[in-house]
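Working notes for the structure below.
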Amino acid sequence: MDDQNLNSQPVQKADVTEEVADQPSSEQLTRSDQKIVAAICLFLLVWAGGRWIDLSHWGREEIEIHRIDSVETTYLVDVNTSNWLEFSMLEGIGEVLAKRIVDYRDEHGDFATVQELQDVKGIGKKTFARILPHLVLREPADQ
């Protein structure tokens, strides 16, 4: 019995894999099916590329940009109701000066006129002249 096992040639893995590779399994496509699928994919890719070029007009059309006319806006600050952040948005008024304006208003009450803003330390004639177009004094709603 040992002689029979020794005399028979062992089966090599390479031979088995070659036999399996030649036979399509139920999950694989045959070579002709693979060619058909590849041709369909190539056709769809070429069609999609042509459609994209057609829809993009490929530089054949000028782009017109319609812009609306610019509108100048002014930022208005009510000296009696604005907080320090709103004051700090004015040119020449930083965070420290804006907080100083609000603190002054809290200590002395509402401003009777816009010119009273010059009483706040740090607001001189030049700074006041620069921010004056942005300052308003509105009547309280209950009066």
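Being touching a residue at least 60 places away in the same chain (Cβ under 8 Å) and among the aliphatic types (A, V, I, L, M) is true for just one of 136, 79, 120. Which residue is that?
So the residue among 136, 79, 120 that is touching a residue at least 60 places away in the same chain (Cβ under 8 Å) and among the aliphatic types (A, V, I, L, M) is 136.
Has the stretch 58-66 got any residue that is in contact (Cβ under 8 Å) with a residue 40 or more places away in the chain, assigned to a loop (DSSP other than H, G, I, E, B) and loosely packed, with under 14 Cβ neighbours inside 10 Å?
No.
Tell me yes or no: at least one residue of the stretch 95-105 is touching a strand residue (DSSP E or B) at 6+ places or on another chain (Cβ under 9 Å), part of a helix (DSSP H, G or I) and modelled with pLDDT of 90 or more.
The answer is no, given that none of the residues of the stretch 95-105 is touching a strand residue (DSSP E or B) at 6+ places or on another chain (Cβ under 9 Å), part of a helix (DSSP H, G or I) and modelled with pLDDT of 90 or more.
Applying the selection to the stretch 83-94, what residues are without any contact (Cβ under 8 Å) to a residue 24 or more places away in the chain and out of contact with any strand residue (DSSP E or B) (no Cβ under 9 Å at 6 or more places or on another chain)?
Within the stretch 83-94, 83, 84, 85, 88, 94 qualify.
The values are calculated or read from the model by the stated rules, or taken from the named source; none is laboratory data. Here the structure is a predicted model, which means the values were calculated and not measured. Quick reminder, even Gly has a Cβ in these numbers, built from the backbone with ideal geometry, and neighbours come from all protein chains shown.
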